[in-house]
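The next block holds one structure in the form of structure tokens; read it before the comments.
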Amino acid sequence: MRLKRLTFKGGVHPPERKELSEEQAIEALPLPSYVVIPLQQHLGAPAEPIVAVGDMVRTGDKICEAKGFVSVPSHASISGKVKAIEKRPHPVAGEALAIVIESDGKDEMSPNIGPVANYLALDVEEMKKKIQQAGLAGMGGAAFPTHVKLSPPANKPIDTFILNGAECEPYLTADHRLMLEHPNEILEGVRIIMKILGCKNGYIAIEKNKPDAIAVFQKLVNEAGDNLRVVALNVKYPQGAEKQLIKAITNRKVPAGGLPMDVGCLVHNVGTAKAVYEAVALNKPLYERVVTVSGRGIRQPKNLRVRIGTPFQNLIDFCGGLSDDTVKIINGGPMMGIAQYTLEVPVTKGTSGILALTSSETRIAEPQPCIRCGRCVEVCPMNLLPNTLARLVEYKRFDEARELGVLDCIECGSCAFVCPSKIRHVHHIKFGKLEVTKMMKAKAA
Amino acid sequence: MEKKWFVTASPHIADQESIPKIMYGVVISLIPAMLGAIYFFGPHAGWVMLVAVASAVATEAIIEKLMKKPITVRDGSAVVTGILLAMNVPAEVPWWIPLIGSAFAIAIGKIPFGGLGYNPMNPALLGRAFLLASWPTHMTIFKTRPLEWITHHPGLAQFLSKLSLYTPDPTGKFSLSGIDVITTATPLNVFKQQKDAILRFADDPSMTEKVKTAHEAISQLYDSYGNLFWGKIGGCIGETSVFLLLIGAIYLIYKRYIRLRIPLSYIGTVAILSWIFGGVDGLFSGDPLFHVLAGGLMLGAFYMATDMVTSPVTSAGGYIFGIGCGIITVLIRLIGGYPEGVSYSILLMNLTVPLIDRYTKPKTFGKVKNK
Ligand code: SF4
Ligand code: SF4
């Protein structure tokens, strides 16, 4: 297999703005006085609380239990007292049930946490169970339960694992810092994952704008003599989208409506790989993660290690607060992240960044009529007709939207990024997807 | 204090393009050709362009005001329509021709469909078609020969010749006395008459000879491909200088406001077909370079067939559209009733765009064919 065309068709080149935070080593955010831990931080069924108001918990104690296979538990991220179990603002869902824990300031650890001897010799099922019990969900944004991804059906063997270090979203540098500061843990995570999958080919995919990270991994891989290859990807958004990444590296095309496993591939983000290592080798549940706090609205952009459930306000305060011309707060990157209406929302397992954007760097323009310039069509990495899809949804012609592949949209936002008419394609398409799914369910029933 | 943030859908950043930027980009790209028009045809050409733009903008503003709709003239699209309309009329038309043409383009060709983005056909070309149908004489008589106006201004002639922008014409090449029909015609016009004559007098060798002599005269009229290229020929205001149009086109391509697929396939098709079928001595005796350089092809191919609103959004669609325009243009030029076919071919192809878009939809990433 030759590795020549390390990119995909379509895509855009947004300004990277990574310089704001890429030099900032990861700092630990001081413990918050309280945390808000939503029952749903992953795709799938929400977890069920197993603590009651008034209970005392330690850091790393399980506080809610997974419900069904596609679900993960969550853990206390600080020690203290359960204050409430109630609806709270949620960065993705608007509002959702959450467990509020008031800190006792001691950060007392759960006794379950500790190194596991000879963890690589563990049984595969045992490893998966640990990963599930540690509450792992993809940390790149979509937050799909990790153990589910690691359990492909027997008829879909995985032969290729790809570590996604592309971090193609502008501004975000958390993965970049993780790769520089914790490469060994990440690699160990990769080895565990490959062992679970029993797959032979492993790729470490990093965009060329992070030459230092590429060098670090190249060196480590050479030394270890692993069956791993470091791949330098062309810088283009959305290079880190699973389907585009797989195409760039293996030249395989995930079928429309399919999953990476349909072409024998699996992709995990670097943060997830590190968490896999911690879950299996240290019995450490996912109660903290690294978050990039950036944007021109942030006085001192940083990369922070943060307890899950910490309100956005704490991170922003620690970074010097907001500038007066901040107009938008985003959970995630500027291309796919979600705008927030309050700083009370907590960091969740999927929060890769918190951005404060000023009016000069964000877009708040009234949509104009489509002038059919074709730019959106040109950049769509999924080869869709974004202008047509947006219009069909607007006219509520969902049947046609479905035929034109509205469900295949990966919501990367490239179309809206280049649109001179500032049309909100992703907004329309997301709505269209909901309606189409409803329609299909109604038909099936 | 809370809730002051904007909560709109992703993405939250965008590149710098906007409708006005694109439209004024097109205007900028047309500046060389506009200046060239004034140079070749005199100040009157300037007035024609000014009236056309003013009329387009005013028509749009007035109608929108009457309909109590937001006034959109600032987006620049009416300005573009005005300029393109002016570029498609002869330099010496009376002032009310561009006035009516632009008003028609906006009032009939654009607003009733819902304004910018919704019009199925290029408004400027629709305006021109209307003018041609209503006042054919004004629209087909080209009184002014290029640069002739300068001879009436000795001071200016002297000044321009100092800048080597003008050579007084001792050979009288531009007067061509004795061949009246040629003196007021565009090269394509003459080509058409010649071809018709050859067909009509096919059995009369003496006539064919005469026509062939006339052909020599045409070549004198444009003298060389060079004159066609630089623009020293009769024609509509904006279509004569291939050179100046290309400068603007390069700018548009550089800014990525147009893609090469439409102009290339359009011009290529015209070249190939006119080479095969355009000659008087059988197949493959045509003069493709003449057909490419003469008339409104360059203006049409780079500035009007590429009109975003009225051309396909898909890449394959662009090629089909261009080839379609090329075929119709050559058909009209060679066997139709008009000497020039660019406007009509683009207008006709405009109507096929929804169909082209539908059938050239790119295959969704990962889509298997039979599903
Ligand atoms: S980029 Fe915007 S204006 Fe251009 S075709 Fe797409 S939706 Fe229309
Ligand atoms: S239509 Fe979907 S996949 Fe295509 S560019 Fe837009 S958001 Fe991305």
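Quick notes on this one:
- Output for the range A:414-432, where each listed residue is open to solvent by less than 20 Å² (accessible area, probe 1.4 Å) and within 12 Å of ligand 1 (Cβ to nearest atom): A:414, A:415, A:416, A:417, A:418, A:419, A:420, A:421, A:425, A:426, A:429
- Every residue from the range A:267-277 that is open to solvent by 10 Å² or more (accessible area, probe 1.4 Å) and at pLDDT 95 or above: A:274, A:277
- Odd one out for residue A:230 among (1) open to solvent by 10 Å² or more (accessible area, probe 1.4 Å); (2) touching a strand residue (DSSP E or B) at 6+ places or on another chain (Cβ under 6 Å); (3) of a type in the set (Val, Ile, Thr); (4) not in a strand (DSSP E or B): (4)
- Selected residue (only one of A:130, A:106, A:195 is closer than 29 Å to residue A:56 by Cα, among the basic types (Lys, Arg) and open to solvent by 50 Å² or more (accessible area, probe 1.4 Å)): A:106
- Residues within the range B:6-24 that are more than 7 Å from chain A (Cβ to nearest Cβ) and buried (at least 20 other Cβ atoms within 10 Å of the Cβ), tallied: 1
- Filter pass, residue A:256 being among the hydrophobic types (A, V, I, L, M, F, W, C), out of contact with any strand residue (DSSP E or B) (no Cβ under 7 Å at 6 or more places or on another chain), within 14 Å of chain B (Cβ to nearest Cβ) and farther than 17 Å from residue A:165 by Cβ: yes
- Index of the failed condition, residue B:287 passing every other in (1) under 19 Å from the mean Cα position of the chain (by Cα); (2) surrounded by 16 or more Cβ atoms within 10 Å (Cβ to Cβ): (1)
- From the list A:361, A:435, A:394, the one residue that fits, being more than 7 Å from chain B (Cβ to nearest Cβ), away from ligand 1 (no atom under 15 Å from the Cβ) and among the charged types (D, E, K, R), is A:435.
- Residue within the range A:338-361 that is modelled with pLDDT under 95, basic (Lys, Arg) and more than 17 Å from the chain's Cα centre (by Cα) present: no
- Residue in the range B:79-92 that is over 22 Å from residue B:24 (Cα atoms), surrounded by fewer than 20 Cβ atoms within 10 Å (Cβ to Cβ) and in contact (Cβ under 8 Å) with a residue 12 or more places away in the chain present: yes
- Residues within the range A:370-382 that are farther than 15 Å from residue B:117 by Cβ and within 8 Å of ligand 2 (Cβ to nearest atom), tallied: 4
- Spans of helices (runs of 4 or more DSSP H) in the range B:93-154 with at least 1 residues touching a strand residue (DSSP E or B) at 6+ places or on another chain (Cβ under 7 Å): B:136-140
- The requirement of being open to solvent by less than 10 Å² (accessible area, probe 1.4 Å) and either assigned to a loop (DSSP other than H, G, I, E, B) or more than 16 Å from ligand 1 (Cβ to nearest atom) (or both) is satisfied by residue A:333.
- Residue in the range A:10-22 that is under 30 Å from residue A:416 (Cβ atoms), more than 16 Å from ligand 2 (Cβ to nearest atom), surrounded by 16 or more Cβ atoms within 10 Å (Cβ to Cβ) and not charged (D, E, K, R) present: yes
- The condition of being closer than 20 Å to residue A:255 by Cα, open to solvent by 30 Å² or more (accessible area, probe 1.4 Å) and either within 10 Å of ligand 2 (Cβ to nearest atom) or more than 8 Å from chain B (Cβ to nearest Cβ) (or both) holds for residue A:403.
- Just one residue in the set A:306, A:345 is within 14 Å of chain B (Cβ to nearest Cβ) and in contact with a strand residue (DSSP E or B) (Cβ under 6 Å, 6 or more places away or on another chain); that residue is A:345.
- Checking each residue in the range A:397-413 for being β-branched (Val, Ile, Thr) and away from ligand 1 (no atom under 16 Å from the Cβ) picks out only A:410.
- Members of the range A:369-386 found to be open to solvent by 20 Å² or more (accessible area, probe 1.4 Å), within 6 Å of ligand 1 (Cβ to nearest atom) and assigned to a loop (DSSP other than H, G, I, E, B), listed by number: A:370, A:372, A:373
- Whether a residue is at the interface with chain B (Cβ under 7 Å from one of its Cβ atoms), more than 14 Å from ligand 1 (Cβ to nearest atom), open to solvent by less than 70 Å² (accessible area, probe 1.4 Å) and of a type in the set (Gly, Ala, Ser) was assessed, and residue A:353 does not pass this test.
- Listed here are the helices (runs of 4 or more DSSP H) enclosed by the range B:285-371 that have at least 1 residues being of a type in the set (Asp, Glu) and either facing chain A (nearest Cβ under 9 Å) or closer than 30 Å to residue A:248 by Cβ (or both): B:342-359.
- In this structure, residue A:313 qualifies as outside any loop (DSSP other than H, G, I, E, B), free of Cβ contacts under 8 Å to residues at least 40 places away in the same chain and either away from ligand 2 (no atom under 16 Å from the Cβ) or open to solvent by 20 Å² or more (accessible area, probe 1.4 Å) (or both).
- Residue identified as away from chain A (no Cβ under 11 Å), over 27 Å from residue A:419 (Cβ atoms) and surrounded by 19 or more Cβ atoms within 10 Å (Cβ to Cβ) among B:58, B:52: B:52
- Top-ranked residue in the range A:406-420 [being outside any helix (DSSP H, G or I) and within 14 Å of ligand 2 (Cβ to nearest atom); ranked as nearest to the other protein chains (Cβ to nearest Cβ)]: A:413
The values are calculated or read from the model by the stated rules, or taken from the named source; none is laboratory data. In this text, all values refer to a predicted model and were calculated from it rather than measured experimentally. Counting neighbours? That spans all protein chains shown, and the Cβs are built from the backbone with ideal geometry, glycine included. Calculation scope for accessible area: heavy atoms of the full protein, side chains included, ligands and nucleic acids excluded. Shrake-Rupley method; radii C 1.70, N 1.55, O 1.52, S 1.80 Å.
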